Structures are given as C-alpha cells and as structure tokens.
1. Please give the number of the condition Ser73 fails out of (1) in a helix (DSSP H, G or I); (2) at pLDDT below 95.
2. Output the residues belonging to the range 78-107 that are under 15 Å from the mean Cα position of the chain (by Cα) and either without any contact (Cβ under 8 Å) to a residue 24 or more places away in the chain or closer than 19 Å to Tyr149 by Cα (or both).
3. Please enumerate the residues belonging to the range 49-82 that are within 17 Å of Arg140 (Cβ to Cβ) and loosely packed, with under 13 Cβ neighbours inside 10 Å.
4. Just checking, does the range 80-89 include any residue being modelled with pLDDT of 95 or more, out of contact with any Lys or Arg (no Cβ under 8 Å at 6 or more places or on another chain) and in a helix (DSSP H, G or I)?
5. Quickly run through the range 92-137 and pick out the residues that are of a type in the set (Phe, Trp, Tyr) and within 17 Å of Lys155 (Cβ to Cβ).
6. Scan the range 135-146 and give yes if some residue there is farther than 24 Å from Leu21 by Cα, surrounded by fewer than 17 Cβ atoms within 10 Å (Cβ to Cβ) and in contact with a Ser or Thr (Cβ under 6 Å, 6 or more places away or on another chain), otherwise no.
7. Select from the range 93-115 the residues that are surrounded by 15 or more Cβ atoms within 10 Å (Cβ to Cβ) and aliphatic (A, V, I, L, M) and list them in ascending order.
8. Scan the range 123-137 residue by residue and report those that are farther than 19 Å from Pro78 by Cβ and of a type in the set (Gly, Ala, Ser).
Amino acid sequence: MKKLNRRWARGEGYVVVQVLLFALIIFGPRQLKPLVYWPRGLQLPLQILSGVSWLLGASLLVLGLVQLGKNLSALPHPKEEAQLVESGIFALVRHPIYGGLILLVFAWAVFETSLVMLFYAFMLFGFFELKSRREERALRQKFAAYSAYQARVRKFIPFIY
C-alpha cells in the first residue's frame, strides 16, 4: 500500500484525470440542442480566429514535443536526468504542449459553434493551470534558474498568458 501511495504522490492522478478529460473532449457530447449558431456578421471573423488558434495550437504542441525530446514526461515533475530547456519555443512559453492543446480545443469549439466544446476548453485550461503549478514547484526545486525563467517567460500562450 505504501508503494502505491508513493506512486500516486508523484502525480499519477493528474495523468488519469488528463486521459479522462481527453476522452470527454474526443468522445463526449459536443452540442446542446437546439443548435446555437454565431451571429451572421461574426461568422467570418470567428472562422479566422478558429484557424489562427488551430495553427498556433498545433505549432506550440508539435514544437514543444520535439524540443522537449527526452525530457518529456506525462507526470507533473521532471525526470531525474532532465535538463532545463529555455531555447526554441520554450523561450516564448514555459508550457507549449499545454497551451497548444488548450488552443486546439478552443479552435474546435469555435469552428463547431459549440458551447459544450468551449466549456471543455475552459475545463482543460483549469486542469493544466493546476497541473502546471505542481510541475513548476518541482522545476523550481530541481533547477536554480527556473524562478528567473518563470519570471520572464509566459506560461501557456506566447506574449499573452
């Protein structure tokens, strides 16, 4: 039992919740009935917003995955052999994978005109906000330079948040 508690203390619960959230986003209900449509004058600007969010989200996600490389972990703490990555996309945002996923779900919600999907995007944002706080505590303990990095680089979305 102690071994199980130690394993969950590493943050496995976050991974379980994350998988459940992704399952809800992919397989859960997407629309309330009756269908809600954006007002006629907003359709084109919102389609452009959706496209830009999708491109930015996909770019953040892919660049984050590639540039994090062997440091990648689903758990909210760095691997023992991890190195602090501050270059590339990580010079603009501390958690590009989280930010990319949030933007992709947001883009999907706007594209589908779905208030339910928009709610999922906010749920994902809240979840990654909590997970990243725990992760950043561990990163500050492991890397002396992390606090300075945290002070100068945005969390999820370059130049915004």
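1. The failed condition is (1).
2. As a first pass, look at the range 78-107 and keep what is under 15 Å from the mean Cα position of the chain (by Cα): 89-90, 92-107.
Correct list: Ile89, Phe90, Leu92, Val93, Arg94, His95, Pro96, Ile97, Tyr98, Gly99.
3. Initially, the range 49-82 is screened for residues within 17 Å of Arg140 (Cβ to Cβ), giving 71, 73, 75-80, 82.
Answer for the range 49-82, where residues must be within 17 Å of Arg140 (Cβ to Cβ) and loosely packed, with under 13 Cβ neighbours inside 10 Å: Lys79, Glu80.
4. Among the residues of the range 80-89, at least one is modelled with pLDDT of 95 or more, out of contact with any Lys or Arg (no Cβ under 8 Å at 6 or more places or on another chain) and in a helix (DSSP H, G or I), which makes the answer yes.
5. Result: Tyr98, Phe106, Phe122, Phe125, Phe127, Phe128.
6. Yes, because at least one residue in the range 135-146 is farther than 24 Å from Leu21 by Cα, surrounded by fewer than 17 Cβ atoms within 10 Å (Cβ to Cβ) and in contact with a Ser or Thr (Cβ under 6 Å, 6 or more places away or on another chain).
7. Hits for the range 93-115 are Val93, Ile97, Leu101, Ile102, Leu103, Leu104, Val105, Ala107, Ala109, Val110.
8. Matches in the range 123-137: Gly126 only.
The values are calculated or read from the model by the stated rules, or taken from the named source; none is laboratory data. Note that this is a predicted model, so its numbers are computed, not measured. For neighbour counting, all protein chains shown are included, and Cβ atoms are generated from backbone atoms with ideal geometry for every residue, glycine included.
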